[in-house]
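One structure is given below, encoded as structure tokens.
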Amino acid sequence: MMEIREFAERIFFSDTLEGKLDNPAGEVNPQTRVPELSDLSPGEAIAWQQPARAPGIRVAPKKKRKKVPHPDALHQKEMRIRCLHAFANHELMALEMMAWALLAYPDAPKLFRKGLVRIILDEQLHLQMYMDQIAALGAKFGDLPLNDHFWRVAAELHNPVEWVCGMHLTFEQANLDHAPYFKAAFERVGDEGSAALMQRIFEDEIMHVRFGGRWLKHFTPEDMKTFDMYLASLSPHNQAFRAKGHDFNADARRDAGLDEDFIIRLHEYSNQM
Ligand SMILES: [Fe+2]
Ligand SMILES: [Fe+2]
């Protein structure tokens, strides 16, 4: 049986897109949806480092990068491609970061590590779905410059609680607002394929935020509110205002199991910190 460490190493150290998308363990248990992996030798913690990337998917210099287009620009196919390309890159970074987390936190609870494996498989699928949708619009993932924003933040996630706060409860939580927002924008221009993809991402992201919320609760001392623990665990470069988007979706956060105090205070939280 393959070890979780090997599973993570194969994904993290692979420099090709195929390697990033591959489930190195092969089969997935149909009941649990996770591969049968053992976790007997999680190994030594590895420090933050740049992920391996083949030339076609390298991070581009800052000057060359393009912003996510405004939703009102999506009637242009080129802008829809640019948008999907940026989101595909988020998936690539997410799955690499999750593989890195398995290597960086060998002492994390076994259930936490197992949960990350399952989420990696979701992120692989998301990347593949974005790549297919980009191809349906006549382009290819890697055609446009890639940024490394998530990656730079990863260097500041020193332990599992900082990890769940930075990754699942900031980047992924923001997607509970961004995904429906862009779904509506794709619908307005009649791009049903991209809209359906945003819906699928939204539904999976609720589960990923649920994972983060569950572990935040686990790591929060009994006499402390989860939102206070959350604020205390974020890094200066990744503050709580990044955990929400244009239209704050409180119901999605309730579906993800976040507590009412957390939801209300995040909603009220401004970037004036
Ligand atoms: Fe994803
Ligand atoms: Fe996710």
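Brief remarks follow.
- When Q133, Q124, Q128, Q173 are screened for being of a type in the set (S, T, N, Q) and under 25 Å from R254 (Cα atoms), only Q173 passes.
- Residue list for the stretch 70-79, filter: more than 13 Å from D191 (Cβ to Cβ) and assigned to a loop (DSSP other than H, G, I, E, B): H70
- The single residue among V117, V209, V153, V164 that is within 16 Å of ligand 2 (Cβ to nearest atom) and touching a strand residue (DSSP E or B) at 6+ places or on another chain (Cβ under 9 Å) turns out to be V117.
- Hits in the stretch 9-29 (condition: without any contact (Cβ under 8 Å) to a residue 60 or more places away in the chain, among the charged types (D, E, K, R) and not in a loop (DSSP other than H, G, I, E, B)): R10, E18
- Residues being among the aromatic types (F, W, Y) and either within 15 Å of L84 (Cα to Cα) or free of Cβ contacts under 8 Å to residues at least 40 places away in the same chain (or both) - total across the stretch 169-215: 4
- Flag for D122 being more than 16 Å from ligand 1 (Cβ to nearest atom), on the phi < 0 side of the Ramachandran plot and at pLDDT 95 or above: no
- Criterion violated by H178 - all others in (1) touching a Gly at 6+ places or on another chain (Cβ under 6 Å); (2) farther than 24 Å from Q76 by Cβ satisfied: (2)
- Matching residues in the stretch 124-150 - criterion: being closer than 17 Å to S194 by Cα and charged (D, E, K, R): D132, K140
- Set D251, D261: member being without any contact (Cβ under 8 Å) to a residue 24 or more places away in the chain and surrounded by fewer than 16 Cβ atoms within 10 Å (Cβ to Cβ): D251
- Counting only helices (runs of 4 or more DSSP H) that sit completely within the stretch 190-257, those holding 2 or more residues that are more than 16 Å from ligand 1 (Cβ to nearest atom) and in contact with a Gly (Cβ under 7 Å, 6 or more places away or on another chain) correspond to 192-219.
- Per the conditions (1) within 16 Å of ligand 2 (Cβ to nearest atom); (2) at pLDDT 95 or above; (3) surrounded by 17 or more Cβ atoms within 10 Å (Cβ to Cβ), the sole criterion not satisfied by G245 is (2).
- Q128 being more than 28 Å from L37 (Cα to Cα) and either within 16 Å of ligand 1 (Cβ to nearest atom) or touching a Pro at 6+ places or on another chain (Cβ under 9 Å) (or both): no
- Those residues of the stretch 56-66 which are at pLDDT below 85 and part of a helix (DSSP H, G or I), in sequence order: G56, K62, K63, K64
- Checking each residue in the stretch 7-33 for being surrounded by 17 or more Cβ atoms within 10 Å (Cβ to Cβ) and more than 15 Å from H126 (Cα to Cα) picks out F7, A8, E9, R10, I11, F12, S14, A25.
- Of the criteria (1) away from ligand 1 (no atom under 12 Å from the Cβ); (2) surrounded by 24 or more Cβ atoms within 10 Å (Cβ to Cβ), which one L137 fails: (2)
One line per residue, one yes/no per condition, for (1) among the polar types (S, T, N, Q); (2) outside any loop (DSSP other than H, G, I, E, B); (3) more than 23 Å from the chain's Cα centre (by Cα):
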{"position": "F7", "(1), (2), (3)": "no, yes, no"}
{"position": "Q31", "(1), (2), (3)": "yes, no, yes"}
{"position": "P42", "(1), (2), (3)": "no, no, no"}
{"position": "A52", "(1), (2), (3)": "no, no, no"}
{"position": "V68", "(1), (2), (3)": "no, no, no"}
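- Conditions (1) away from ligand 1 (no atom under 16 Å from the Cβ); (2) touching an Asp or Glu at 6+ places or on another chain (Cβ under 8 Å); number of the one not met by L95: (1)
- Looking only at the stretch 157-197, and only at residues there that are among the acidic types (D, E) and touching a helix residue (DSSP H, G or I) at 6+ places or on another chain (Cβ under 7 Å), the one that is surrounded by the fewest Cβ atoms within 10 Å (Cβ to Cβ): E187
The values are calculated or read from the model by the stated rules, or taken from the named source; none is laboratory data. Small disclaimer: the values here were computed from a predicted structure and weren't measured. Ideal geometry is used to build each Cβ from the backbone, glycine not excepted, and the neighbour counts take in all protein chains shown.
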